[in-house]
1. Can you tell me which condition Pro41 does not meet? The list is (1) open to solvent by less than 70 Å² (accessible area, probe 1.4 Å); (2) within 21 Å of Gln110 (Cβ to Cβ), and all the others hold.
2. Show the residue pairs that are 6+ apart or on different chains and have beta-carbon atoms under 9 Å apart, the first residue being within the stretch 107-118 and closer than 12 Å to Cys22 by Cα and modelled with pLDDT of 95 or more, the second being assigned to a strand (DSSP E or B) and β-branched (Val, Ile, Thr).
3. Which of the residues spanning the stretch 67-90 are over 13 Å from Leu18 (Cα atoms) and of a type in the set (A, V, I, L, M)?
4. Scan the stretch 53-79 for residues that are surrounded by 16 or more Cβ atoms within 10 Å (Cβ to Cβ) and either over 16 Å from Gln3 (Cα atoms) or touching a residue at least 60 places away in the same chain (Cβ under 8 Å) (or both) and jot them down.
5. Out of all the residues in the stretch 2-22, which are part of a strand (DSSP E or B) and either open to solvent by less than 50 Å² (accessible area, probe 1.4 Å) or without any contact (Cβ under 8 Å) to a residue 12 or more places away in the chain (or both)?
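The values are calculated or read from the model by the stated rules, or taken from the named source; none is laboratory data. Given the structure is predicted, the values throughout are model-derived calculations rather than measurements. Don't worry about glycine lacking a Cβ; one is built from the backbone with ideal geometry, like all the others, and counts go over all protein chains shown. Heads up: the accessible areas ignore ligands, DNA and RNA and are worked out on the full protein's heavy atoms, side chains in. Shrake-Rupley method; radii C 1.70, N 1.55, O 1.52, S 1.80 Å.
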Amino acid sequence: QVQLVESGGGLVQPGGSLRLSCAASGINFRIYAMGWYRQAPGKQRELVALITSGSNTNYINSVTGRFTISRDNAKQTVYLQMNSLKPEDTAVYYCNAKRDVIGSNTYWGQGTQVTVSS
């Protein structure tokens with residue numbers, strides 16, 4: 001079975017930091033691209049950060065310079081370090097795994113709530 005389990009969400013003040021983790025099992029983690037998505041109330045789910053199997057990274061413009069995605073293949077875990085958090089970062093954050101192969105599956109975690117408020 002494939003499982004992606006997010007953790008590390010919570011309530012934080014504006015300007016604060018939070019580190020999300022996503023532990024994967026049931027996939028050959030090292031050959032998957034891993035992404036963090038988020039969905040705020042009333043908004044569509046959006047890609048926040050992506051890290052390829054070769055550890056190349058991409059970020060949505062609104063988080064560039066504040067968020068850092070990284071991976072530890074030995075631990076089969078992807079992280080999202082979030083600094084200088086803003087209220088508009090409030091959302092449920094989801095972990096995603098995808099291979100760049102035709103016909104491959106996409107897997108999702110259950111999500112973890114991040115709330116930025118004073």
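1. Of (1) open to solvent by less than 70 Å² (accessible area, probe 1.4 Å); (2) within 21 Å of Gln110 (Cβ to Cβ), only one is false for Pro41: (1).
2. Gly109/Val5; Gln110/Val5; Gly111/Val92; Thr112/Val92
3. Listed by number, the residues that qualify are Ala74, Val78.
4. Those that are surrounded by 16 or more Cβ atoms within 10 Å (Cβ to Cβ) and either over 16 Å from Gln3 (Cα atoms) or touching a residue at least 60 places away in the same chain (Cβ under 8 Å) (or both): Ser53, Tyr59, Val63, Phe67, Thr68, Ile69, Arg71, Tyr79.
5. Across the stretch 2-22, the qualifying residues are Leu4, Glu6, Gly10, Val12, Leu18, Leu20, Ser21, Cys22.
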